[in-house]
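The values are calculated or read from the model by the stated rules, or taken from the named source; none is laboratory data. Keep in mind the model is a prediction, meaning the values are calculated, not measured. Every residue, glycine among them, receives a Cβ derived from its backbone with ideal geometry; neighbour counts consider all protein chains shown. Accessible surface areas use protein heavy atoms only, side chains included; no ligands, DNA or RNA. Shrake-Rupley method; radii C 1.70, N 1.55, O 1.52, S 1.80 Å.
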Amino acid sequence: MTRSETLRFDAEAVPGRHDELRTSSGVLRAHWDPLVRALSGMGSSELGRRWESARRLIHDNGVTYNVYGDPRGMDRPWQLDPIPLVLHAGEWDSLGAGLAQRARLLDAILADVYGPQRLLRDELIPAELVLAHPTYLRPCHGMRIPIASWLQLYAADLARAPDGQWWVLADRTQAPSGAGYALENRLVVSRTLSEAFREGRVERLAGFFARLRDTLRGLAPHHRDNPRIALLTPGPYNETYFEHAYLARYLGLSLVEGGDLTVRDRALYLKTLGGLEQVDVLMRRVDDVFCDPLSLRSDSSLGVAGLLHAVRAGNVAVANALGSGLVETPALLAFLPGLCKALLGEELMLPSVATWWCGHESALEYVEEHLEELVIKPAFPGLRMEPQFGAGLSADQRASLLARVRARPHAFVAQEQVALSTAPVWDGERVQARNLVLRGYAVATGQGDWEAMPGGLTRVSSASDSLVVSMQRGGGSKDTWVTCEQLPLPLTLLRPAGAPIELSRGGTELPSRVADNLFWLGRYMERVEGTARIARGLLARVSDESSETEAVLEALLAALSRHIGLETPPAPDEDTFLVLLFGEVSARSLRATLAAIHQLAFSLRDQISLDTWRVLSELKQDLADSDAPVPTLPEANEILNRMIVRLSAWSGLAMDSMTRTLGWRFADMGRRLERSIWTATLLGACLGETHEDEAPRLEALLEVAESAITYRRRYGGELQAVPALDLLLTDETNPRSLVFQLVALDAHVAHLPASARASRAGEERIALGALTRARIADVSELCRVEEGKRLRLSALLERTLDDLRAFSDAITQSYLSHAGVAQRIESF
């Protein structure tokens, strides 16, 4: 190995900061030694090769974090550094005990302020910090709490001061996020640095998530043996939606949005295709005030009307309890030492960063005198204001800020500016030092006990001089390793060997929103394939100027225009074709449909396999990889060929990997419906009107419809309209024929749950009627020419298209309409 390939951990320490890697005398800390030796021996080239594979894994797995205002939106990859933060077990034991104590303390505070309120009467907490706080939910006062615990999951943002002491910057009690990202970080880094991970004897994380799952099960009212637990998400546009889907899948929970749920008779139900299914426990990732538009914030569309009534009736448990966001206020940090003594009879083990609530006159005086050393923050979440660092303000700015604080002192908090510790990060070429904040987690295990995650989510700043550590501000993340003396025991969330498992072959529990998304995913995927196949046939002939080819181009262009929703076909030239295919010409264009597919795939993260996700992600990437908005003709052909291959992979996964439950039926119904529309449109464009020499049109028709080989095997090289129409219209053995699709639709309807509506007569009648008309059609009569047109064929195809539109409306009305207002890129 050459010297240039050696990975050197010689980044200069930042003056006045605690260095996680080395002591103040520059000696490598002992618990870092195994990792540093492994990485140094690996070298920068090998680490770069492995980390490139890890980045591809993050991309392929769709690990994202939505940064508001970022043009990449939901596609912004999760930022992960390959060098983990290493902590030794002895230090972590102290941190874990401190996290557990803070969780118990905050839980006790919530129990009091939503109960007897002795803390307010005894003035241990200023009343205005509770009663004036916008997240103090008066309807939750006196609410019944399962197993007398307001919190089930707790998190704290930790920073280490220059003297090595850990301080709490903020408590997270409402809907603590990041644990799923911590788990994903572990999976990626342990795979990338497998040797170092084994040699480092790193504590496993699975045990923590097993405790969380058991805790959620234990919340179920009436002690149900097999409770239904759902994770409530704001939806795919939330910045941490990936984590919501990831945790739901990992813990075996139903991922739901507010529109998936309803309250009936003071109980919470999931709206499924088979009827209403009662929900026993709701793990929420929606803020308190948005959870119930009936009792809390009336303009919210994220929650469930009547949820609070169901909670108060004891029919559903919510984790964390509604109202728990109250104790996230930074102002409370100033009072925690006294509260810990009063409520727990203990000294606060894990101290908070020095905090002054400006509502106290003495605290306000201190803030005025020491503003240059402090950070000013809002005490309440409703006050929109970024943290103001006094040291970075001019004299006029400080005066303006103090005037604002004096006007409403109770609404502001001042905190000491902590000199964050630094950890090594790798920028692809060398190791540098970055500021860090560690988010630690604890889970309630019953009877007032808590267990800390042996690790956490470490976040690092985007630059060494940045005072803010935030993923929204371009920061990155790290895996967090807690090393131990003995080999850690292997843990898993799987059931113990031999444990009885209740057999199930269900599927009617599918939420209506999920069925709606699968239905449209199937439609959009088939729409892209139809567009790509017609486009490929067009581009293969665009350079041929013969009269026969001109007639083919006219027919295919008419089919493509109608397929993507254009009323009038454009002029038949190469530039027009390319703009038509790849431009933003309509809501049904290739680019718009691919964007809709990506959105639906993101919404279905907990429903689709990893291989399916990769196929769907790569589809959109085919266009994103093009250097220009509209590619050249050779590039266009290559893009279309790749798309058709990926679409074939999707079809294979749908056919061979999806269990034949209602989810598969709705996805396949969408496919069959869209392929029926496409086939009818293509047949009408190519055969509705005749031409002197129909052979080129028939050849193009069979090629685009992927039936040319079958035709030649049956009929040789002679092309005629009757056998071609028979193959593509009425042949039930041809998976590309119209009748084949109608047979599949009829079969799917017969297996849909009747409980979704009193009768299925509408969709059954439409499907059967369309199938019967196509089956009994005489293709010879349909091919009869009258005044240069096949009027009977055109009439049958238009009637079929009308039936297909009616079928789509009937399915939506019967099964999907109560899923909420669907976000569609077009109406049909």
What shape does the stretch 1-51 have by the C-alpha gyration tensor, where a ≥ b ≥ c are the square roots of the eigenvalues, rounded means a/c under 1.5, and otherwise prolate means a/b greater than b/c and oblate the rest?
prolate
Okay, helix-only estimate at 222 nm for the chain: each DSSP H run of n ≥ 4 adds -39500 (n - 2.57), divide by all residues, round to 500 deg cm²/dmol; what do you get?
-13500 deg cm²/dmol
What accessible area per residue, rounded to a whole number of Å², is obtained for the chain using a probe radius of 1.4 Å?
42
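Treating the beta-carbon of each Lys and Arg as +1 and of each Asp and Glu as -1, no other charges, what is the dipole magnitude of the stretch 212-317 about its Cα centre, to the nearest 20 debye? Display every interim value, and only then the final one.
Values: 12 positive and 13 negative charges, 56 e Å.
The calculation lands at about 260 debye.
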Once each part is reduced to its C-alpha centroid, what is the distance from the stretch 88-127 to the stretch 669-707 in angstrom?
70
Kindly state, as a whole number, the per residue volume in cubic angstrom of the convex hull around the alpha carbon atoms of the stretch 286-338.
98
Scalar couplings 3J(HN,Hα) for the stretch 39-52 by Karplus 6.51 cos²θ - 1.76 cosθ + 1.60 (θ = phi - 60°), nearest whole Hz, x for Gly and Pro, are 6, 5, x, 5, x, 5, 5, 5, 4, x, 5, 5, 6, 5
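Regarding the stretch 342-424, what is the average projected area of its C-alpha convex hull, in nm²? Walk me through the numbers on the way to the answer.
Working: hull surface 31.3 nm².
Taking the Cα atoms of the stretch 342-424, their convex hull projects to 7.8 nm² on average.
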For the stretch 164-179, 3J(HN,Hα) per residue [Karplus equation, 6.51 cos²θ - 1.76 cosθ + 1.60, θ = phi - 60°, Hz, x = Gly/Pro]
x, 6, 7, 10, 8, 7, 7, 9, 10, 10, 6, 8, x, 10, x, 5
Return the ratio Rg/(2.2 N^0.38 Å) for the stretch 79-175, where Rg is computed over Cα atoms only.
1.36
Determine which aspartates and glutamates satisfy two conditions relative to LYS271: a Cα distance under 18 Å, and not lying fewer than 8 residues away in the same chain.
GLU257, ASP260, ASP280, ASP292, GLU509, ASP516, ASP606
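Tell me the volume per residue, in Å³, of the convex hull enclosing the alpha carbons of the stretch 683-744.
Hull volume over Cα atoms, normalised by residue count, gives 75 Å³.
Take every DSSP beta bridge whose two residues both sit in the chain, then give the antiparallel share in percent to the nearest 5.
On the way: 52 of 69 bridges.
Taking every DSSP beta bridge with both residues in the chain, the antiparallel ones total about 75 percent.
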At each listed q (0.18 Å⁻¹), what is the log10 of I(q)/I(0) that the Debye formula gives for the stretch 332-471 modelled as equal alpha-carbon point scatterers?
-1.16
In whole Hz, with x marking every Gly and Pro, tabulate ³J(HN,Hα) for the stretch 368-377 from phi via Karplus 6.51 cos²θ - 1.76 cosθ + 1.60, θ = phi - 60°.
4, 7, 10, 4, 5, 9, 10, 10, 9, 10
What percentages make up the Cα-Cα pair-distance distribution of the chain when the bins are 20 Å wide from 0?
14, 39, 31, 14, 2
Using every pair of alpha-carbon atoms in the stretch 125-184, split the distances into 10 Å bins beginning at 0 and state the percent of pairs per bin, rounded to integers.
16, 32, 35, 15, 2
Tell me which of GLY440, ALA452, PRO424 sits at the most positive position along the dipole axis of the stretch 412-459, charges placed on C-beta atoms (Lys, Arg +1; Asp, Glu -1).
PRO424
What list of whole percents do you get for P(r) of the stretch 195-249, with Cα-Cα distances grouped in 10 Å bins up to the one holding the largest distance?
19, 33, 31, 15, 2
Unit charges at the beta carbon, dipole of the chain: most positive-side option, ALA695, GLY43, SER149:
SER149
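Ignoring ligands, DNA and RNA, what percent of the accessible area of the chain is carbon or sulfur (1.4 Å)?
Numbers: 17150 of 34730 Å².
Ligands and nucleic acids excluded, carbon and sulfur give 49 percent.
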